[in-house]
Amino acid sequence: MPLADPERMRAVGLMARQVAHDFNNFLSSILGYASLLRGKLDLEDPRHRYAKTIETAANDAGLSAERLLTFGRIWTMPPSLIPVDLAAFQEQVVQLMRSTVVEGQSPRVVDHRVEGSGRLAIDLRHLQRAIEALGANACEAQEGARPPSIALQFSVEEDAGKRWVRIAIRDEGCGMAPGVAAQAASPGFTTRGGARRQGLGIATAQGFALMHEGRLAIETEEGKGTTATLWLPIR
């Protein structure tokens with residue numbers, strides 16, 4: 001499946017950071033005044049409920065802005081790398097995948113880990129966002145599954161004189177038709193409605209991989225599921 005052009009994505013990421021920053025400033029004012037208003041009203045006053053609704057909507061909007069800001073940072077800022085050994089890295093990925101929640105459901109994760117030594121240099125916050133994004137995509141592709149199921153396959157491979165850890169994330173969902181797959185990596189593209197679905201999942205994971213000197217590949221077939229594969233260098 002084709003992924004987005006990195007130079008274009010860096011430009012989009014810079015714009016996303018600026019928009020998210022300004023949006024958060026607006027939300028701070030909305031939340032502050034809604035909280036003040038609610039504090040001055042009796043619980044029985046209908047306006048108290050209205051103020052609470054404003055707060056809830058603003059908090060939801062804040063989560064969307066945070067995802068947009070993370071997407072922008074991943075594509076435009078150097079990662080804050082810390083060393084993580086291979087075993088700890090695998091455990092981190094598995095736990096992040098298990099903690100993914102989509103429509104109140106966490107996935108059943110079947111993981112196959114690899115023995116070996118070595119360390120990776122990882123920005124843990126960006127890792128969290130990338131795995132959450134790919135996990136959410138995998139869960140949403142299995143609409144109706146309770147719970148959805150995700151297979152995680154780790155391996156260590158050598159290529160171009162380097163050692164890599166390979167993480168394959170497989171779902172048994174609906175897969176994508178060729179026309180959908182051709183657009184899936186574009187930021188903002190989504191086939192599902194809802195304010196919280198921003199279409200940033202694949203683009204966020206791709207940025208994470210590239211900023212860690214790795215790569216992302218997506219294999220999908222309509223009716224047969226999708227596999228997202230991350231390659232990250234072992235130092």
Set 170, 215, 166: member being touching a residue at least 60 places away in the same chain (Cβ under 8 Å), under 30 Å from residue 81 (Cβ atoms) and in contact with a strand residue (DSSP E or B) (Cβ under 9 Å, 6 or more places away or on another chain): 166
Looking only at the range 2-44, filter to residues that are surrounded by 14 or more Cβ atoms within 10 Å (Cβ to Cβ) and among the charged types (D, E, K, R); which one of those is nearest to residue 57 (Cα to Cα)? 38
For residues in the range 118-141 being among the hydrophobic types (A, V, I, L, M, F, W, C) and within 13 Å of residue 165 (Cβ to Cβ), which is nearest to the chain's Cα centre (by Cα)? 127
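What helices (runs of 4 or more DSSP H), lying completely within the range 124-218, carry at least 1 residues that are at negative phi and surrounded by 21 or more Cβ atoms within 10 Å (Cβ to Cβ)?
Hits in the range 124-218: 124-140, 201-211.
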Any hit, the range 104-116, residues being surrounded by 14 or more Cβ atoms within 10 Å (Cβ to Cβ), touching a strand residue (DSSP E or B) at 6+ places or on another chain (Cβ under 8 Å) and at pLDDT below 90: yes
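Among the residues that make up the range 45-56, is at least one of them within 23 Å of the chain's Cα centre (by Cα), within 19 Å of residue 129 (Cβ to Cβ) and not in a loop (DSSP other than H, G, I, E, B)? It would help to see each step written out before you state the result.
First, pick out the residues of the range 45-56 that are within 23 Å of the chain's Cα centre (by Cα): 56.
Keeping just the survivors that are within 19 Å of residue 129 (Cβ to Cβ) gives none.
No, the range 45-56 contains no residue that is within 23 Å of the chain's Cα centre (by Cα), within 19 Å of residue 129 (Cβ to Cβ) and not in a loop (DSSP other than H, G, I, E, B).
The values are calculated or read from the model by the stated rules, or taken from the named source; none is laboratory data. Computed from a predicted model, the values in this text were never measured in an experiment. Positions of Cβ are generated from backbone atoms using ideal geometry, with glycine treated the same way; all protein chains shown enter the neighbour counts.
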